[in-house]
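All remarks here apply to the structure that follows.
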Amino acid sequence: MADPNIFEFFAALQHYPFLQRALLAGVVVAAVAAVLGVFVVLRNMSMIGDGLAHSAFGGVGFSLFAAGYAIFLTPLQGALLFAVSGGLIISLLVERRLVGGDTALGIVFSLGLGLGVVFISVAGKGLGVDIFSFLFGNILTVSVDDLGLIVVMAAAIGVVLAVFYQRYTAIAFDPESAQVLGIPVSALNTLLNVLTAITVVIAMKVVGVLLVSALMIVPPATALQIGRRLPTVSVLAVLLAMLAVFVGLLCSYVFDVATGGAVALVSLGVFLAVSMGRWLRPRNEGHAHAPLAPPVSKAFQP
Amino acid sequence: MSVGAAAELPLHALEATLRPAAVRVSGLTRCYGGERVLDDISLTINAGEYLGLIGPNGSGKSTLLRTLVGLEPIEEGSVQLFGTDVARFRQWGRVGYVPQIQKMVRHDFPATALDVVVLGRLSRKGRLGRVGAADRTQAMAALTTVGMHHHAQRRVGDLSGGERQRVMIARALAQEPELLILDEPTTGVDSTSQDHFFSLLDRLQSQERMTIILVSHDLPVIMARAHTVACLSRSLHYHGKPEGLLEGGVIETVFGHERGLVLGSHRHEHLHPHP
């Protein structure tokens with residue numbers, strides 16, 4: 001047998017620091033992407049991850065281009081700069097009611113990709129290995145520095161989300177009535193876009209720009225089919241995303257396939273299984289836990 | 001010397017003059033694409049007043065309410081809540097707002113009725129405060145008030161339109177507001193429940209001295225329940241005692257051919273206050 005088996009994966013995990021770093025980075029990114037993703041999905045902004053990922057692509061192009069003019073930005077810094085700018089542009093377009101959310105994403109998406117392609121063609125390096133690993137991720141090359149950056153960013157995002165968790169819940173339920181509760185909806189939405197941009201950039205290393213949704217959207221979408229309350233949904237989404245990274249990494253090692261793709265497919269596989277399960281179950285499940293409703297006419301009694 | 005019964009009336013009147021008006025609108029004009037939807041509205045609603053706001057479809061009732069709570073920009077004129085300009089107003093816990101029947105919440109929104117009501121308490125928590133166990137108790141009490149306590153643990157997406165409307169009312173009540181603004185709150189609620197609901201509003205007004213602004217299509221209900229009536233059709237056609245509304249021909253002017261609909265004969269019994 002030429003292929004390594006599952007046990008060899010665990011043995012390798014014990015021996016190779018690069019594999020340990022890959023797993024740790026993957027799990028941390030999965031957690032933060034999923035918990036943020038729940039709010040992204042509830043706001044009907046599921047494509048924002050992809051929009052900002054393409055902005056980030058523009059940033060990578062810019063870093064290659066800028067190097068020719070002795071402005072040295074790492075691709076990661078370039079990506080961060082452009083993704084955060086993309087998030088702010090989306091906020092500006094949406095909050096000023098210039099265009100709808102999905103159109104704003106399309107605009108930022110085109111802008112990022114357009115700039116990226118032009119910058120790269122001007123830089124004259126073609127779509128080299130750097131770009132390829134950026135598009136599809138290269139989790140096995142996570143350095144100690146990368147890991148440090150990922151953990152710090154993830155922790156910062158986690159703290160902000162923990163502080164505003166209840167307010168983001170109110171906004172997700174209904175932005176207008178949240179505003180009348182005195183919640184600064186527009187500022188918090190802008191903050192969420194910035195956090196999403198940062199998450200996209202750190203997720204790039206794990207799954208690449210093209211597959212960010214596999215961690216940010218698919219696990220929350222799966223969790224929303226199972227959980228009845230937001231805290232449950234968030235925890236489930238985090239666990240499902242971590243599972244996807246772990247199993248994806250394992251499959252990638254055992255079957256020698258691209259890690260980013262494996263993570264995405266595992267994530268989708270779980271979504272499909274859960275959807276099938278729900279589809280096959282009897283329809284009245286939604287009311288299973290509800291107590292017998294009193295006749296409506298009895299309501300409002302003093 | 002007794003300060004009780006004898007002094008009560010003057011004190012009451014004095015209080016009304018000393019407390020700033022709950023709402024003061026002056027010269028409010030709003031245009032949508034060149035057309036005036038609100039035309040030079042000036043309206044003062046005193047603390048403790050129970051105002052019924054009526055007007056035909058598209059008369060600007062909802063726009064006016066949305067402007068009061070800061071959801072619409074103010075282009076011309078001004079709006080004050082409790083003496084503070086609405087743009088600078090921060091004490092949103094004092095204002096409970098129930099919008100027109102919720103556009104369908106996502107059916108899979110992961111929250112129970114109780115979870116949604118608890119969110120109302122955020123209006124009392126400043127910038128960073130969180131809601132906790134005491135707030136859940138309070139939210140449960142509000143659900144009981146609107147007769148929805150049996151449904152506390154049901155998902156909002158599974159509730160009917162009328163039930164969801166009552167959850168939103170409970171959420172506003174959980175804020176312990178001084179001013180309650182309700183936009184067609186009984187849409188989708190059956191008539192017996194409506195009676196109970198209007199009795200609840202009477203109680204809140206008389207016992208808690210709550211200021212209430214109620215938009216309704218149901219003129220007989222407004223005539224029977226509200227203390228003052230404002231009649232809106234882009235501009236304000238009437239603001240005063242309900243009795244005066246029927247005298248000056250305001251209804252005919254504002255509602256035109258809809259008049260019969262508004263004063264529908266099958267509902268005339270509502271014109272008399274409930275016992």
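Worth pointing out:
- Using the Cβ-Cβ distance between B:His227 and B:Glu247 with R0 = 25 Å, the FRET efficiency computed as 1/(1 + (r/R0)^6) comes to roughly 0.90.
- Comparing Cα centroids, region A:23-59 and region A:157-213 end up 10 angstrom apart.
- Coordinate range along principal axes, alpha carbons of region A:79-161, Å, largest first: 42, 40, 17
- Antiparallel DSSP beta bridges within chain B, as percent of all bridges there, nearest 5: 55 percent
- Extension gain (nm, one decimal) between A:Gln77 and A:Ile6, 0.36 nm per residue minus Cα-Cα: 21.9 nm
- Lysine pairs in the protein assembly as shown whose alpha-carbon atoms fall under 28 angstrom of each other, counting only those eight or more residues apart or on distinct chains, come to 5.
- Principal axis dimensions, chain B - Cα atoms, whole angstrom, descending: 56, 52, 44
- Fraction of alpha-carbon pairs over 25 Å apart in region B:121-266 - percent: 39 percent
- The value obtained for chain A, namely the Cα convex hull volume divided by the number of residues, is 173 Å³ per residue.
- Counting only other chain Cβ atoms within 10 Å of each residue's Cβ, the peptide A:163-174 averages 5.
- Interface residues in region A:215-230 - accessible area drops by 40 Å² or more relative to the isolated chain, probe 1.4 Å: A:Leu224, A:Arg228, A:Arg229
- Surface accessible to a 1.4 Å probe, per residue, for the residues of region A:6-274, Å²: 40 Å²
- Surface share of carbon and sulfur [accessible, 1.4 angstrom probe, percent] for region A:6-274: 74 percent
- Looking at the protein assembly as shown alone, DSSP beta bridges between its own residues are antiparallel in about 55 percent of cases.
- Summing Cβ point charges (Lys, Arg +1; Asp, Glu -1) relative to the Cα centre of chain A gives a dipole of roughly 800 debye.
- Rounded to the nearest 20, the Cβ-based charge dipole of the protein assembly as shown about its Cα centre (Lys and Arg +1, Asp and Glu -1) stands at 700 debye.
- Shape summary: the protein assembly as shown maps onto an equivalent ellipsoid whose semi-axes, from the alpha-carbon gyration tensor, are 55, 27, 20 Å in decreasing order.
- Reducing region B:103-136 and region A:240-275 to their Cα centroids gives an inter-centroid distance of 35 Å.
The values are calculated or read from the model by the stated rules, or taken from the named source; none is laboratory data. Just so you know, these numbers come straight off a predicted model, no measurement behind them. Glycine gets a Cβ as well: all are built from the backbone with ideal geometry, and neighbour counts include every protein chain shown. Accessible surface areas use protein heavy atoms only, side chains included; no ligands, DNA or RNA. Shrake-Rupley method; radii C 1.70, N 1.55, O 1.52, S 1.80 Å.
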